[in-house]
Amino acid sequence: MKAYETVIGLEVHVELATKTKIFCGCSTAFGGAPNTHCCPVCTGMPGTLPVLNKKVVEFAMAAGLAMNCTITQKCKFDRKNYFYPDLPKAYQVSQLYLPICRNGGIEIEVNGVKKTIGIHEIHMEEDAGKLVHDPWEDVTLVDYNRCGVPLIEIVSEPDMRSADEVIAYLEKLKLILQYLGVSDCKMQEGSLRADINLSVREVGAPEFGTRTEMKNMNSFKAIARAVEGERKRQIELLEYGKKVVQETRRWDDNKDTSFAMRSKEDAQDYRYFPEPDLVPIEISDEWLSEIRGRQPELRDEKKKRYEKEYEIPSYDAAIITGSKRMADIFEATVAICHKPKEVSNWLMVETMRLMKEAEMDSEELNLSPEKLAALIGLLDAGTINRPVAKEVFEKVFKEDVDPKEYVEKNGLGMVQDEDLLVSTIERIIAENPQSVADYRSGKEKALGFLVGQTMKAMKGKANPGKVNEVLKERL
Amino acid sequence: MAEMEVKMIISDETITYVAALAKLSLTEEQKERAKADLGSILGYIDTMNELDTDGIEPMSHAFPVKNVFREDVVTNGENREELLANAPVKKDGCFVVPKTVE
Amino acid sequence: MELTKLTALELAAKIRAKEVSVSEAVEAQLEQIEKKDSLYHCYTSILADEARARAKEVQKQINDGTLTSPLAGVPVAIKDNICTKGIPTTCSSKMLEHFRPPYDATVVECMNAAGTITVGKLNMDEFAMGSTTETSYFGVTKNPRDITRVPGGSSGGAAAAAAAEEAFLTLGSDTGGSIRQPASFCGVTGIKPTYGTVSRYGLIAYASSLDQIGPIARSAADCAAALDVISGSDKRDSTCVDREHYGYLNALTGDIRGMKIGMPAGYFAEGLDEEVRKSIYQAADVLRSLGASVEEFDLKGVKYAIPAYYVIASAEASSNLSRYDGVKYGYRIEKFEGLQEVYKNTRSEGFGNEVKRRMMIGAFVLSSGYYDAYYNKALKVKALIKQSFDEAFEKYDCVLGPTAPTTAMKLGESLSDPLKMYLGDIYTVSVNLAGLPGISVPCGTDKSGLPIGMQLIGRPFGEKEILRAADAYEHAE
């Protein structure tokens, strides 16, 4: 078999985290009964007109700047015309001729090798509605709640060569957007979707091969498998002397293969033309520098700062900054309790364990910094011991309980009564002559047994250090 | 007017394509009529080419209005009944079309 | 006293003076409609009950002093492509025969706030595409001056209603002459304001970059009063922006001394009816006698306005009318096999021939490979036309010419040859392309007694000048 190279470019659609839709004052909140986040404008009622949400332009600019793009200071919208039931006006307001951002790039790292992936353009557009199959009548139901939710489409150059690079690119994109606060990037809610353009060619070939497109992929795992599967399929075709057909394919993650989508009845001729209902956007230098000035600290800077300012290990800093949500919780908690290493430990160990158990995405994490700080405070003050702290943490994580109240209500505080501890230890010594003898004859292990017995007698609420200390004294 | 006589030849293929883009179905008779009408209209439209427009910026808006925005504030509540009131077919708060999802 | 013969402002003054009650005005108007509309067919729907109920409300507000607008209490009618909440808004199309918008157009809100009473919706060419009102799905409107003739279009119902005293004042829309040309044919006054003066929110779009709403009435003053009510920025229409000076009615001083008026020589060449030409020259003399200077000049490139207009308007229309697909509102075919048939058969049955023709032209000029040659070229022609007018307005305060090359055509004459119909728009479309204000004012009749209209074109936002000239002209005789 010949040696092949895979060439991949991505078109990533990202729903912006604005409160309202791109052209009307309807809420963008996810969910809700069908057609309840809609108005005459976003459902394309005759006579209605769009008015652009300023925040959309600012978010697109922020994304472009973070991805090192040139901002098109005179840009405008165009109409993309096609019929489909999820598109009530039968055109999508988008940008073809003058997209808001062009010629950028972001750096990715795969197996220690750094590489820049070019960003061809970023444009603003409106999302379409949702079609739901009604099994009872064999018809399709149309819900326009998502219709008009603002999107940016980030179009990469065909610079990726493997599934690993694709995932690294997407991870990087996601982090940038989350850090900017431009999108929550919740893939399961469709706020980040990728179209994969993929072709293969013999290594060294000057031209790209014929590409296929796989649309609307919304899980990293599926994307990785789709890249691999489609690469194999195309190479096989070429190896058998067949040709790759330029077409849109649908990746079936269950069957681990892609299928040609039923070609739409007519040609894809979108008849773009400038949207006459909207006026041009002119971005002044002042506006641009205002947005630039508002750019938050992004992941790479933040990671470096954590290592330096909080003196936490590089590995920990990478994990914590690997999620905007986690980094926010980290910083907010540290700001209250001033114990970065302790906070980092709780996030790195217990939080990660519980998230894994719950199969939770870090962006869904809903851990209160106040409560985590309070828990750390209780531990620090010696009010509770570490095993109890873990138990309380789990309650905080799962049920958002108040640590102090919970400890008090359940009597989990350590017993501070020294007399009770001494009398208990004396009783344990009296009840376990054999262990006492073992210890005295040099068997250190026996001490552990005695500590355990004491803790058990004290229902776990003693300070193990203190128990150790008193036992040794008495023995 | 002399321009009126200039006709463009519209092929069957073109008329079929254009009707498909406009989502219209035409009978054979309508197609022939459309070919003739579009031929004479587009022929006339081609007189535009007599005008030299080199170096002219295409003008989509006659006046230099720019940067008209709204703030990102929710102003619309729910009014599904009103939105669905004109729907030819509706079900469970949705518009209804023949089966389209695969 | 025949109430319906009064102008809108005269009626409003009598209502303010308590000489006439709002209900009397409304009853007189409804009676006139009852009497005449079976003959002329200006209306697509008549809102008698609503108007009667509203008359009482308006009267109360006038009495208690909360309503002081110069048009308070005047019965009006609205072209049927302007949305009225809960009231059929059909665009004279089978497609929207039963469509009841869930909201009022901004202009309707403005008129209601000014205390006018909407007595009905007005017939038009289907989706405002046509120059005769013959493409209406609900049948033609007849010209009240001669019922064998068309009223013009697309606001034929609006112009005919004003002419037939079936309305004191109407609102029409103008994309390529649709207010001015029917006003000219019916012998009434109609103004298309500068693009962006009146909100388009609620105007069912034909060609978004050219559409404007404007009034048609029996005097320039009534038009000015109505324009005062409907002008102004609207946060729902991005293309409608705030102006510094409105106050059109106050601008009618009757004094046009020193006003410089240009007449494009090219307007009086081939294709212009001789009697129309004569009337315009006579009107020019009247304007001179009032102290204006009138001279001929060369307006370049305007010949190419028609092709550019039909490219731009058809392209935008093909996109704007794609939403009528039988899913959300409007007509839907009953029998179909699959989604594509819902689309195609609904649209093929729901739209008339002229609409289909323009949608096909629009799809063609935007289709892959043709964009630059047609659409982009047309936008460049548009830029040149704008430039020509800009140059003209360096020398003149307004431009005078005919509104239409002929008087009203015979019914049925125009439908067979669409191109011929398009060529009739020669004097009006360039005004829309350049976004300028234009008013059509009656200036005599031809030998068969058919009205002739002259058009005064103003600078961007120069409505006051053309209204002042029109008003002064009206009072000259």
Within region B:86-102, residues surrounded by fewer than 18 Cβ atoms within 10 Å (Cβ to Cβ) and among the basic types (Lys, Arg) come out as B:Lys91, B:Lys99
Hey, C:Leu450 hits all of (1) more than 10 Å from chain B (Cβ to nearest Cβ); (2) surrounded by 24 or more Cβ atoms within 10 Å (Cβ to Cβ) but one; which does it fall short on?
(2)
Taking A:Lys356, is it part of a helix (DSSP H, G or I), out of contact with any helix residue (DSSP H, G or I) (no Cβ under 6 Å at 6 or more places or on another chain), among the basic types (Lys, Arg) and over 23 Å from A:Glu301 (Cβ atoms)?
yes
Flagged in region C:85-104 as away from chain B (no Cβ under 11 Å) and polar (S, T, N, Q), in numbering order, are C:Thr90, C:Ser92, C:Ser93
Let me spell it out: the conditions are (1) modelled with pLDDT of 95 or more; (2) closer than 26 Å to C:Gly438 by Cα, and C:Lys420 meets all of them except one. Which number is the exception?
(1)
Whether any residue in region C:263-274 is in a loop (DSSP other than H, G, I, E, B), at pLDDT 95 or above and of a type in the set (Gly, Ala, Ser) is what I want to check.
no
Conditions (1) within 30 Å of A:Glu107 (Cα to Cα); (2) modelled with pLDDT under 95 -> A:Phe30 fails only (1)
Is it the case that some residue within region A:90-102 is within 10 Å of another protein chain (Cβ to nearest Cβ), at pLDDT 95 or above, surrounded by 19 or more Cβ atoms within 10 Å (Cβ to Cβ) and in a strand (DSSP E or B)?
yes
Among the residues of region A:6-23, write down those that are over 22 Å from the mean Cα position of the chain (by Cα) and surrounded by fewer than 24 Cβ atoms within 10 Å (Cβ to Cβ).
A:Thr6, A:Val7
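Looking at C:Ser209, C:Ser184, which one is away from chain A (no Cβ under 14 Å), polar (S, T, N, Q) and either buried (at least 24 other Cβ atoms within 10 Å of the Cβ) or in a strand (DSSP E or B) (or both)?
C:Ser184
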Residues in region B:39-78 that are touching a Pro at 6+ places or on another chain (Cβ under 9 Å), more than 7 Å from every other protein chain (Cβ to nearest Cβ) and not in a helix (DSSP H, G or I): how many?
1
Part of a strand (DSSP E or B), charged (D, E, K, R) and facing another protein chain (nearest Cβ under 8 Å), is that true of A:Arg79?
yes
Do the conditions hold for A:Phe77, that is, is it within 30 Å of the chain's Cα centre (by Cα) and crowded, with 22+ Cβ neighbours inside 10 Å?
yes
Can you tell me which of B:Leu83, B:Leu26 is at the interface with chain C (Cβ under 8 Å from one of its Cβ atoms), touching a Pro at 6+ places or on another chain (Cβ under 9 Å) and crowded, with 18+ Cβ neighbours inside 10 Å?
B:Leu83
Could you please give the count of residues in region C:1-27 that are of a type outside the set (Lys, Arg) and either at positive phi or not in a helix (DSSP H, G or I) (or both)?
8
Residue within region A:157-175 that is farther than 20 Å from A:Thr20 by Cα and in a strand (DSSP E or B) present
yes
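Just to be sure before I move on: is C:Ala313 touching a Leu at 6+ places or on another chain (Cβ under 9 Å), within 11 Å of chain A (Cβ to nearest Cβ) and crowded, with 24+ Cβ neighbours inside 10 Å in the structure I sent?
Judged against the criteria, C:Ala313 is a match.
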If you check B:Leu26 against the conditions, is it under 22 Å from the mean Cα position of the chain (by Cα) and assigned to a helix (DSSP H, G or I)?
no
Among the residues listed as A:Arg225, A:Arg233, A:Arg250, A:Arg201, the single one being closer than 29 Å to A:Glu125 by Cβ and either in a helix (DSSP H, G or I) or more than 12 Å from every other protein chain (Cβ to nearest Cβ) (or both):
A:Arg225
Could you please let me know if A:Val244 is at pLDDT 95 or above and either under 24 Å from A:Gly148 (Cα atoms) or over 30 Å from the mean Cα position of the chain (by Cα) (or both)?
no
Residue by residue through region C:316-331, note down the ones that are in contact (Cβ under 8 Å) with a residue 12 or more places away in the chain, at the interface with chain A (Cβ under 9 Å from one of its Cβ atoms) and either among the charged types (D, E, K, R) or not in a helix (DSSP H, G or I) (or both).
C:Glu316, C:Tyr324, C:Asp325, C:Val327, C:Tyr329, C:Gly330
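Just to be sure before I move on: is C:Arg323 of a type in the set (Lys, Arg) and closer than 17 Å to C:Leu400 by Cα in the structure I sent?
Answer is no for this residue.
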Which of the residues that make up region A:13-54 are β-branched (Val, Ile, Thr), under 22 Å from A:Val93 (Cβ atoms) and touching an Asp or Glu at 6+ places or on another chain (Cβ under 7 Å)?
A:Thr18, A:Thr20, A:Ile22
Restricting attention to region C:334-349, which residues are more than 7 Å from every other protein chain (Cβ to nearest Cβ) and either assigned to a helix (DSSP H, G or I) or at pLDDT 95 or above (or both)?
C:Glu341, C:Thr346, C:Glu349
In region A:43-61, residues that are crowded, with 24+ Cβ neighbours inside 10 Å, in a loop (DSSP other than H, G, I, E, B) and within 9 Å of chain B (Cβ to nearest Cβ) total 2
Only one of C:Ile452, C:Ile385 that is touching a helix residue (DSSP H, G or I) at 6+ places or on another chain (Cβ under 9 Å), assigned to a strand (DSSP E or B) and at pLDDT 95 or above
C:Ile452
Looking across region C:105-131 at residues that are within 18 Å of C:Ala53 (Cα to Cα) and of a type in the set (D, E, K, R), the single one that is farthest from the chain's Cα centre (by Cα) is C:Glu109
Taking into account only those residues within region A:26-42 that are crowded, with 24+ Cβ neighbours inside 10 Å and more than 21 Å from C:Ser238 (Cβ to Cβ), which is nearest to the other protein chains (Cβ to nearest Cβ)?
A:Asn35
Out of all the residues in region A:75-116, which are in contact (Cβ under 8 Å) with a residue 12 or more places away in the chain, closer than 22 Å to A:Arg161 by Cα and of a type in the set (A, V, I, L, M)?
A:Ile106, A:Ile108, A:Val110
Could you grab the pairs with beta carbons closer than 9 Å, sequence gap of 6+ or different chains, first residue in region A:258-281 and more than 10 Å from chain C (Cβ to nearest Cβ) and within 15 Å of C:Phe364 (Cβ to Cβ), second one at pLDDT 85 or above and in a strand (DSSP E or B)?
none
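The values are calculated or read from the model by the stated rules, or taken from the named source; none is laboratory data. Source: prediction; values computed, not measured. Counting neighbours? That spans all protein chains shown, and the Cβs are built from the backbone with ideal geometry, glycine included.
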